[in-house]
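Remarks on the structure that follows.
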Amino acid sequence: VRIPAAWNDLVGLKTTAGRLPLTGVVPLCETFDTVGPLAHSVEDCALLLAAMEGERPADLRGASLTDARFLVLETVALDDLRPRPAQGFEDALTRLSRAGARIEHGKIAIVSEAMSLAGILFTAEAYGIWAKTIEAAPEKMFPRILERFRSGGQFKAMDYVSAWRRLHDLRRIWADETAGYDAVLLPTSPILPPHAHRLMTEDEYYITENLLSLRNTRIGNLMGLCALTLPTAQPSCGISFMAGAGQEERLLRLGVAAERALA
């Protein structure tokens, strides 16, 4: 949701894992997979979320950024940030501040450790789901993606269980360290949309761009959060607001106020 939304100057809502059913969704990693709306506005996302789960939409009336407290995540999320996403992000922070938000910068050390667990958690589950299908006709799969899936087969069950137990600990630490903030802010993607031909023909370019494009959104996935991405003044550059599990309605209220500030 977040990357296609950001790269196409749309609003995208990543829902908390388990909030919406995945009926009919082709799985990648069912533990992390979520669905959510992409739309032209926060209000449209709120209406679509309500329609998707058969509930009343979030009340967005009177939403304001006055005294909202945001944390700009400096750990991992700002590394190797390209010039245009950086410019869009900084411009967005300035506009949010002018609208009354209090913006602080800080590090959360456990993010780095959580990211190091992704290789076990994502690939082991994905290969566990798809191994039989893949190995029945591996030549049909894009070689770099095939290699990524197969890497999940190298881990033992104890590795996977241990990684999940540790991630639950890290999620609790994240919750404690972000409890005083209304949302955590970061660039939705540190890069612009990659060049399609180069992705297909240049190995080093593919590896670099693939890893960077998914890195920042992975933070929210690992921490079990919901997240909302909004367009910035720079085309194809989004800013993401991350909040705790199940806090979509509160996030949408912040989002509609932020949307006005960023317009």
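The values are calculated or read from the model by the stated rules, or taken from the named source; none is laboratory data. It should be emphasised that the depicted structure is a prediction, and the values quoted were computed from it without experimental measurement. So basically every Cβ, Gly included, is an ideal-geometry build from the backbone, and we count neighbours across all protein chains shown. With ligands, DNA and RNA removed, areas are computed over all heavy atoms of the protein, side chains included. Shrake-Rupley method; radii C 1.70, N 1.55, O 1.52, S 1.80 Å.
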- Message: Out of 126, 157, I need the residue that is more than 30 Å from residue 261 (Cβ to Cβ) and in contact with a Leu (Cβ under 6 Å, 6 or more places away or on another chain). Which one?
- Response: 126
- Message: For the stretch 197-239, which positions are more than 29 Å from residue 175 (Cβ to Cβ), part of a loop (DSSP other than H, G, I, E, B) and open to solvent by less than 50 Å² (accessible area, probe 1.4 Å)?
- Response: 234, 236
- Tabulated pairs, the stretch 111-140, first more than 11 Å from residue 29 (Cα to Cα) and of a type outside the set (A, V, I, L, M), second open to solvent by less than 30 Å² (accessible area, probe 1.4 Å) and assigned to a helix (DSSP H, G or I), C-beta under 7 angstrom, 6+ apart or interchain: 113/170; 138/146
- Query: From 126, 137, which residue is at negative phi, at pLDDT 95 or above and either touching a helix residue (DSSP H, G or I) at 6+ places or on another chain (Cβ under 9 Å) or crowded, with 17+ Cβ neighbours inside 10 Å (or both)?
  - Reply: 126
- Quick one: which residue in 248, 259 is of a type outside the set (S, T, N, Q) and in contact with a Cys (Cβ under 6 Å, 6 or more places away or on another chain)? 248
- Query: Which of the residues that make up the stretch 20-73 are assigned to a loop (DSSP other than H, G, I, E, B), acidic (Asp, Glu), touching a residue at least 40 places away in the same chain (Cβ under 8 Å) and surrounded by 13 or more Cβ atoms within 10 Å (Cβ to Cβ)?
  - Reply: 30
- Considering every residue within the stretch 98-121, establish whether at least one is in a helix (DSSP H, G or I) and of a type in the set (Ser, Thr, Tyr). yes
- Item | Test: residue 194 is of a type outside the set (Lys, Arg), without any contact (Cβ under 8 Å) to a residue 24 or more places away in the chain, surrounded by 15 or more Cβ atoms within 10 Å (Cβ to Cβ) and over 18 Å from residue 102 (Cα atoms) | yes
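What number of residues within the stretch 20-58 are more than 30 Å from residue 261 (Cβ to Cβ) and of a type in the set (Asp, Glu)?
If we filter the stretch 20-58 for residues that are more than 30 Å from residue 261 (Cβ to Cβ), which is where we start, we get 21-33, 54.
Those still in the list that are of a type in the set (Asp, Glu) too: 30, 33.
Qualifying residue count for the region: 2.
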- Only residues that are touching a helix residue (DSSP H, G or I) at 6+ places or on another chain (Cβ under 8 Å) and without any contact (Cβ under 8 Å) to a residue 60 or more places away in the chain: list them for the stretch 143-161, please. 146, 148, 149, 150, 151, 152, 153, 155, 159, 160
